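Take a look at the structure set out below.
We did not get these values from a lab; they are worked out from the coordinates using the rules stated. Just so it is clear, the model here is predicted, and its values are computed rather than measured. Every residue, glycine as well, gets a Cβ built from its backbone with ideal geometry; the counts of neighbours run over all protein chains shown.
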Amino acid sequence: MTNNNLDHQAVDRLKSAREKIISELSQIIVGQEHVIEQILISIFARGHCLLEGVPGLAKTLMISTLARTLDLSFSRIQFTPDLMPADITGTEIIEENKSTGARERRFMEGPIFSSVILADEINRTPPKTQAALLEAMQERQVTVGRVRHPLSDPFFVLATQNPIEQEGTYPLPEAQQDRFMFKIYVEYPTFDEEFEIARKTTQKMADDVKPVLTGDDIIALQEVVRDVPISDHVIRYALSLVRQTRIGGQGVPEYVQEMVSWGAGPRAVQFLILGGKARALLYGRTHVSTDDIAALAYPVLRHRMVINFAAESDGIRTDDVIKHLLKITPTKEDELTNDARFQKIFAS
């Protein structure tokens with residue numbers, strides 16, 4: 001694809017799609033613009049999202065409505081303590097051929113064989129069942145017995161979890177959290193937003209959500225995202241943020257050394273760059289800036305760092321560490337490359 005095509009056609013298509021999707025969602029969803037934006041970025045970057053928030057914030061409704069705007073097949077999986085891996089992936093059954101009388105094995109697909117998967121309350125099911133999503137999310141296939149079954153394309157997993165209940169829940173292992181491009185916090189609405197929610201949901205509501213994009217449209221736009229140019233400086237900025245989270249490394253700030261027990265891996269850099277490309281296009285730009293990387297630092301890094309016990313005791317969260325890193329990392333190229341501490345990071 002030429003840069004000229006990228007400038008005039010692809011950018012307009014993606015920006016227009018964003019505006020239409022948000023317009024359709026606004027019929028049902030009030031507020032939560034940053035959540036919707038991050039989900040769209042993840043979709044166009046071929047990622048998956050983990051949404052965390054207290055009950056009643058319309059996480060499930062938001063995802064199911066979004067699936068309708070994308071004209072894609074949708075499955076909701078309610079994760080419970082008794083859910084088994086086969087309940088997600090599917091299972092082989094023995095079926096009799098009525099014409100021959102012979103018995104044959106046939107694979108019966110599970111709910112994972114849809115384009116949009118809502119993994120509702122994913123932390124309520126045991127690790128064995130949670131792990132059933134790992135291969136699907138990373139390899140976009142399911143293996144049953146010795147047979148591999150490819151999943152549909154496009155394919156997104158949007159999982160929700162409740163942060164306030166600990167009893168009877170199973171926290172996601174770090175390895176599985178790392179498969180999610182973003183961890184998005186769904187916050188309480190503002191007063192005006194909650195006023196509008198109360199007004200709209202206690203009367204008859206219009207529900208005329210129309211599809212905006214087809215699966216083929218999304219696949220084409222995902223290819224466009226990877227064609228967006230990015231400068232070496234912006235890549236270096238993304239690397240600087242991620243490498244500062246790894247304790248014991250050269251140039252890591254003392255604050256991180258004291259608060260963090262485990263830092264983010266290389267997948268964080270990949271997702272920052274891909275997310276930055278998608279965000280640039282959604283805002284009508286054909287290049288990635290450090291502002292795009294900084295805007296996505298929280299959802300990309302917050303579930304890829306482990307805070308140590310001392311920091312947790314002081315009420316420090318990963319978001320506090322990310323805020324500190326954004327504050328001390330220069331965005332201008334000359335300031336970043338000439339800083340003695342960052343020169344150690346680049347040389348390590």
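Which whole-number percent gives the relative contact order of region 228-347, counting Cα pairs below 8 Å spaced six or more residues apart?
Values: 157 pairs, mean separation 39.8, N = 120.
It comes to 33 percent, rounded to a whole number.
Just how far, in whole angstrom, is region 44-99 from region 189-226 if you go by their alpha carbon centroids?
19
Where nothing but the Cβ of Lys and Arg (+1) and of Asp and Glu (-1) is charged, how large is the charge dipole of region 32-83 around its Cα centre, in debye to the nearest 20?
So the magnitude is around 120 debye.
Treating only the Cβ atoms of Lys and Arg (+1) and Asp and Glu (-1) as charged, compute the dipole magnitude of the chain about its Cα centre; round to the nearest 20 debye. Please report the intermediate quantities before stating the final value.
Details: 39 positive and 48 negative charges, 139 e Å.
Here the chain has a charge dipole of around 660 debye.
Convert each backbone phi in region 124-130 into a coupling constant with the Karplus relation 6.51 cos²θ - 1.76 cosθ + 1.60 (shift: θ = phi - 60°), then list the ³J(HN,Hα) values in order as whole Hz, x for Gly and Pro.
Running phi through 6.51 cos²θ - 1.76 cosθ + 1.60 with θ = phi - 60° gives 9, 10, x, x, 4, 7, 4 Hz.
Calculate for the chain the 222 nm mean residue ellipticity that helices alone would give, adding -39,500 (n - 2.57) per DSSP H run of length 4 or more and normalising by residue count, nearest 500 deg cm²/dmol.
Helix contribution divided over all residues of the chain: -13000 deg cm²/dmol.
May I ask which residue of Q9, V30, S75 lies farthest towards the positive end of the charge dipole of region 1-143, with charges of +1 (Lys, Arg) and -1 (Asp, Glu) on Cβ and the Cα centre as origin?
Ranked along the dipole, the leading option is Q9.
Please determine, in degrees from 0 to 90 and to the nearest 10, the orientation of helix 59-69 with respect to the longest principal axis defined by the Cα atoms of the chain, where the helix direction is its Cα long axis.
70
What trypsin sites (Lys or Arg not before Pro) in region 115-209 are in a loop by DSSP, with at most 10 other Cβ atoms within 10 Å of the Cβ? Could the numbers behind the result be given before it?
Working: sites: R124, K128, R140, R146, R148, R179, K183, R199, K200, K204; in loops: R140, R146, R179, K204.
Here the trypsin sites (Lys or Arg not before Pro) that fit, given the DSSP loop and packing criteria, are R146, K204.
Helix 33-44 versus the longest principal axis of the chain: what is the Cα-based angle in degrees, 0 to 90, to the nearest 10?
So the helix axis and the longest Cα principal axis differ by about 70 degrees.
Please tell me the relative contact order of the chain in percent, rounded to the nearest whole number, where contacts are Cα pairs under 8 Å and at least six residues apart. Kindly include the intermediate steps, with their values, before the conclusion.
On the way: 552 pairs, mean separation 73.7, N = 348.
RCO, the chain: 21 percent.
For L51, which sequence-distant residues (separation of 5 or more, or a different chain) have an amide H within less than 5 Å of its own amide H, given hydrogens modelled in the peptide plane?
A159, T160, Q161, I184
Determine ³J(HN,Hα), in whole Hz, for all residues of region 244-258 in sequence, where each value follows from phi through the Karplus function 6.51 cos²θ - 1.76 cosθ + 1.60 and θ = phi - 60°; x replaces Gly and Pro.
6, 8, 9, 5, x, x, 5, x, 6, x, 4, 4, 5, 4, 7
Lysines within cross-link reach of K323: Cα-Cα under 23 Å, excluding same-chain residues under 8 positions apart?
In chain and number order, the partners are K183, K277, K332, K344.
What angle do you read, to the nearest 10 degrees and between 0 and 90, between the alpha-carbon axis of helix 215-226 and the longest principal axis of the chain?
Helix 215-226 and the main axis of the chain meet at about 20 degrees.
Which whole-Hz couplings ³J(HN,Hα) result when phi for each residue of region 100-109 is put into the Karplus expression 6.51 cos²θ - 1.76 cosθ + 1.60, θ = phi - 60°, listed in order with x for Gly and Pro?
Here the 3J(HN,Hα) series is 10, x, 7, 9, 10, 7, 9, 8, 9, 5 Hz.
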